[in-house]
1. Considering only residues that are open to solvent by less than 10 Å² (accessible area, probe 1.4 Å), without any contact (Cβ under 8 Å) to a residue 60 or more places away in the chain and not β-branched (Val, Ile, Thr), which ones fall in the range B:213-226?
2. Just name the residue that is farthest from the other protein chains (Cβ to nearest Cβ) out of those in the range C:228-259 that are touching a Leu at 6+ places or on another chain (Cβ under 7 Å) and part of a loop (DSSP other than H, G, I, E, B).
3. Working carefully through the options C:307, C:319, find the one that is within 11 Å of chain D (Cβ to nearest Cβ), closer than 14 Å to residue C:100 by Cα and touching a strand residue (DSSP E or B) at 6+ places or on another chain (Cβ under 6 Å).
4. Could you list all residues from the range B:7-24 that are open to solvent by 60 Å² or more (accessible area, probe 1.4 Å) and modelled with pLDDT of 85 or more?
5. In the range B:136-145, what residues are in contact (Cβ under 8 Å) with a residue 24 or more places away in the chain and open to solvent by less than 30 Å² (accessible area, probe 1.4 Å)?
6. Within the range B:296-304, can one find any residue that is away from chain A (no Cβ under 12 Å) and either open to solvent by 10 Å² or more (accessible area, probe 1.4 Å) or more than 23 Å from the chain's Cα centre (by Cα) (or both)?
7. Can you pull out every residue in the range A:274-295 that is within 18 Å of the chain's Cα centre (by Cα) and either in a loop (DSSP other than H, G, I, E, B) or within 11 Å of another protein chain (Cβ to nearest Cβ) (or both)?
8. Could you please find all residues in the range A:301-318 being in contact with a Leu (Cβ under 9 Å, 6 or more places away or on another chain) and modelled with pLDDT of 95 or more?
There are 4 protein chains.
Amino acid sequence: MVILMEKNTPEVNVERVIEYLDKAGYDVHRSTGVEHILLGVIGDTARLDIRTMQLMDGVADAYRITAPYKLVSREFKSDDTIFKIGDVTFGGDETVVMAGPCSIESEDQIMRIAEKVARAGARVLRGGAFKPRTSPYSFQGMGEEGLKYMRAAADKFGLLMITEVMDKDQIELVEEYTDIIQVGARNMQNFTFIRALGKARKPVFLKRGISATYKEWLMAAEYILSGGNRNVIFCERGIRTFESYTRNTMDIGAIPVIQKLSHLPVFADPSHGIGLRDKVLPMARAAVAAGAHGLMIEVHDDPDHAFSDGAQSLYPEQFEELMSQIRVIAEVIGRKVAEPVAV
Amino acid sequence: MVILMEKNTPEVNVERVIEYLDKAGYDVHRSTGVEHILLGVIGDTARLDIRTMQLMDGVADAYRITAPYKLVSREFKSDDTIFKIGDVTFGGDETVVMAGPCSIESEDQIMRIAEKVARAGARVLRGGAFKPRTSPYSFQGMGEEGLKYMRAAADKFGLLMITEVMDKDQIELVEEYTDIIQVGARNMQNFTFIRALGKARKPVFLKRGISATYKEWLMAAEYILSGGNRNVIFCERGIRTFESYTRNTMDIGAIPVIQKLSHLPVFADPSHGIGLRDKVLPMARAAVAAGAHGLMIEVHDDPDHAFSDGAQSLYPEQFEELMSQIRVIAEVIGRKVAEPVAV
Amino acid sequence: MVILMEKNTPEVNVERVIEYLDKAGYDVHRSTGVEHILLGVIGDTARLDIRTMQLMDGVADAYRITAPYKLVSREFKSDDTIFKIGDVTFGGDETVVMAGPCSIESEDQIMRIAEKVARAGARVLRGGAFKPRTSPYSFQGMGEEGLKYMRAAADKFGLLMITEVMDKDQIELVEEYTDIIQVGARNMQNFTFIRALGKARKPVFLKRGISATYKEWLMAAEYILSGGNRNVIFCERGIRTFESYTRNTMDIGAIPVIQKLSHLPVFADPSHGIGLRDKVLPMARAAVAAGAHGLMIEVHDDPDHAFSDGAQSLYPEQFEELMSQIRVIAEVIGRKVAEPVAV
Amino acid sequence: MVILMEKNTPEVNVERVIEYLDKAGYDVHRSTGVEHILLGVIGDTARLDIRTMQLMDGVADAYRITAPYKLVSREFKSDDTIFKIGDVTFGGDETVVMAGPCSIESEDQIMRIAEKVARAGARVLRGGAFKPRTSPYSFQGMGEEGLKYMRAAADKFGLLMITEVMDKDQIELVEEYTDIIQVGARNMQNFTFIRALGKARKPVFLKRGISATYKEWLMAAEYILSGGNRNVIFCERGIRTFESYTRNTMDIGAIPVIQKLSHLPVFADPSHGIGLRDKVLPMARAAVAAGAHGLMIEVHDDPDHAFSDGAQSLYPEQFEELMSQIRVIAEVIGRKVAEPVAV
């Protein structure tokens, strides 16, 4: 932290600030300029409340000069974090596509959709068994029964599986089924929960909170890494702005920014990001063009009767079109998207 | 829900929409105007995804005409919800002040501060034993030990007690000590948790999420009321906007708006709302002038050495000044603030 | 500006930054700490693009340590700017109320309303002759004819007059009639216009842009002061946030913040700030309680038939009630509101 | 407009609303449902203040069912607006790239940069002669002299020219030199100015205001079209959100949304959208992938010494790389980018 003293402030104020910092266990480096005195604070300033310093007599302003996150930063680890689950590589030169319905609705439904997305080149099956809903009166998910159907569907079609966990008590149960644990936007700062994920055995897919700053998002990942779980994937899924025509405003710029600040993979979820089926394709192309390491896409073969989020789910044919478009775009930046397969 | 069909759309599109709604169990009331056909949808449309309707062929737009919340609304209960805990009335003509430190730091600290705020006229002691922190490296609270000290302090000085619960697993423990359960802004949409609070035995103090719309905030309370717990207090504590000079932007307008939409009491927390000690007094006065049923104020007798949020905590003398100012302001709108007492 | 070099960056990078700044005419003060090298840049750094510095090799970050505004700041002038127009004092211990219709609609209308607001204690008559409208098809104002009626009404009832100017070409004309020039939110960063206001002969009432930061708002006033016109009044009128239930979100916190950063008076406009008549009273009380030097209030004696903004205009009786309430509140912080008068 | 009456409201309230609308010249279509009475209002409701209706006794809510803009909408003109200037087609299957420095700094500078961008395939030369600056102390542009140099440079290298006009008084002068008139974000709602552009002889490039909703942006274009100038190009250039790490948050989703609502071309400006050179390439690729009809890119051959916005200007080599990348991406959606040329 750097503390700027007011012009011509009496020496006693400078001394009082230094004494305060000294007692709190910091080294202080004093630098006297023509107009201003600057104090450099050395030590673990993450625990120092910047506002406390700003309110002290004679202090003009204070600035953090080191980021509060460590393990997630490029400063800590400069090369990209790349990891494999089965034969799928995350964070490397493969653009990985996760696809499936918003909610698991029945054994038959998840089987049918898994087959379709696998054929088109998806590598991971998505689907929700526990649903966070703004209304207590909405469909809340199939629970463990859904997880079983989904695991079977993923295995049958050679896919990995990702599903959302809503609470620390569910982690153990869901880990028995899933390959990747999804954390929803509303839980990004549920600290009890994300702390527990530091002890989880599976990689964590961390969606950005709807109004989370880049720093807060990185700090949420820091909770998980500091607990020992080093495999975190960020996922941009739209933020809340003044514009309410679309469900959210997808912050495509977050992709290159987070990739610069952190070594962890960055995905994008255009289905939630834009919230309307007919605009999912352009936004998915944009995310891949901006350098996303992967996509999460909602696909449903009967979206008009989906239990949730049908309006933002692609038809299987649209998903195939999307896959063929992003194959070309990914190559522009040296990435590859899996080819369609006969399953 | 009202559905507006496009001008001159073929009759088959109108019929398809009606058929879809009919199968989903809704009655439809068709109204043919000069230019447009309107369809009124009758039934529990809270479960109907408005975007699905908007995407159907021939539909120009769709509008919800009933609010998705029920129990919290003035339509359900037109008169104010007023309830007592001990001799303190919430939601009535008393402007109730809750005050105390951000964190409980020691038995001695909470005793000293409880005495000071009680003398000045506070009716409820606030203080955190479990702290939600953006950094995994920050102070995380004293836990149950802190609750014991706080209960003792509240009892000694004739105060009620409010403290934050961070997780559904803590509810039972904390209920043994506290009079009111505080839900933090980051947990407002932790649905597993707020659903569990519907079964809690104590009133819930529901802080507004940092980017929660009025509707989402009301829906969060709906979760609690629909579970059987009818005593919820809303608390405006600042929202996130483009302006980052202050910690948050306090939305004083939320006070009269929520009071119009709901029958439940509305409080304000200017300490978090503005985040800087020297501006807490003007914001607290503003909240009372706007009609808040009460305030939550952070007070510390040594804020420079507080374990958390010292920069926004008032000195006890400032708190006394605040209390004497709001006594005058509350009277302007027919409310009363408790007098200072000899404790 | 302070520039922080990356840990262990080669000396050549440090030298290149110093050389760049030297050529640009700045003095550089180098300070070598345990981990980091800091460079203090001395001179008029307002012209230095902080992003250019941040992009140079070896630079970890850069921070402005002096505000880009000067004449408007407390550092330039520490005591409050107080000025009189006629017998009305702005920026002092009088809470000045400006009131009147959104638009001047006829001679009779402005006369009737002027009488009503003058009786209740308003000191300044507001009303628009040139209207900025989002739709090209809406009523655009009466023009100079309206100004004549308004001047006559103000004079007859002993009021000052304030009206909006939309363009630099209108300044000369409007100055012949008005006492104070109002600049609308959408024009706050119309630089050609605000530069011209630096040469205007009348004080300027500068509304905050709908998404203007505090810094941008202060910089807009700096344009006017740097042109020679030292009498600027800030007016908070609501900002744009994610919440769209109300027209705007009124940022009451701006009042104490701007009063701390600047010596100029700060007013509030709750009519635009909240946009709904039934919530104008609570917001007006809140603004006075927070320390506003004055209010601007829309009043209409037949709001249902107003040509513009009827929905946010008070009935004359509501305005009287407002005045009597804020008389009590203003006293709490040592201010006075004019008494009702027989006119 | 559709007006929803409250459940069980007395008939007198319904009649009063109908009478009010009847006097204001609207036809009303009454529809009585099981629970609610709905009133459909027929006529030009753009002039009807929705809030006035919402405040009438017995009214539960009111909804606009027709957009307030007309000429810009797909309803008015369903096929894309495509127009040519010289041999460049806007709004068709060419992805048009505009490039050049932020400010014209000298004859030599604009010549050098024009040559470089022309070689790489740009079709339009951008550059500012009049600069809108937040600080009155910053460089304000070369004025007419700059326009002359720029016209010469554009002609020499076979480029069209675009430059910003800041004020209605400059239109005539600038039209003598430029092919396209650029309107800056801060002027998007300068109504006097945009009304005057309706009479301009050149196409208008309308940047989105930093906090403008889609509707406000479309309405601003409506001002221009309603004045007779039918050639307007929208340009997304980033909006203001809570995240301040980047200069703005680029709303890539605006591209497909505006293209659906309007028949006019939509461009994107990633230089302002993200504000940092190293992220301009990913954002430019994203905009093209999302379907933008063109790009505006800042290029400078010595950005460290640019008079303005050097930090977001590409080096010529980076611009060449960008052009070769978007050639591939544009083809994915059936568009073409001009080939590099020997100039």
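1. Within the range B:213-226, B:214, B:217, B:220, B:223 meet the criteria.
2. Of everything passing the filter in the range C:228-259, C:229 is farthest from the other protein chains (Cβ to nearest Cβ).
3. Result: C:307 is the single residue among C:307, C:319 that is within 11 Å of chain D (Cβ to nearest Cβ), closer than 14 Å to residue C:100 by Cα and touching a strand residue (DSSP E or B) at 6+ places or on another chain (Cβ under 6 Å).
4. Across the range B:7-24, the qualifying residues are B:10, B:11, B:12, B:15, B:16, B:19, B:22, B:23.
5. If the condition is that a residue be in contact (Cβ under 8 Å) with a residue 24 or more places away in the chain and open to solvent by less than 30 Å² (accessible area, probe 1.4 Å), then B:138, B:141 are the ones that fit.
6. Looking through the range B:296-304, at least one residue is away from chain A (no Cβ under 12 Å) and either open to solvent by 10 Å² or more (accessible area, probe 1.4 Å) or more than 23 Å from the chain's Cα centre (by Cα) (or both).
7. A:274, A:275, A:283, A:284, A:286, A:287, A:288, A:290, A:291, A:292, A:293
8. Selection gives A:314, A:318.
The values are calculated or read from the model by the stated rules, or taken from the named source; none is laboratory data. From a predicted model like this one, the values you see are computed outputs, not experimental measurements. All Cβ positions, even for glycine, are placed from backbone atoms using ideal geometry, and neighbour counts span all protein chains on display. These accessible areas exclude ligands, DNA and RNA; they are computed on the full protein's heavy atoms, side chains included. Shrake-Rupley method; radii C 1.70, N 1.55, O 1.52, S 1.80 Å.
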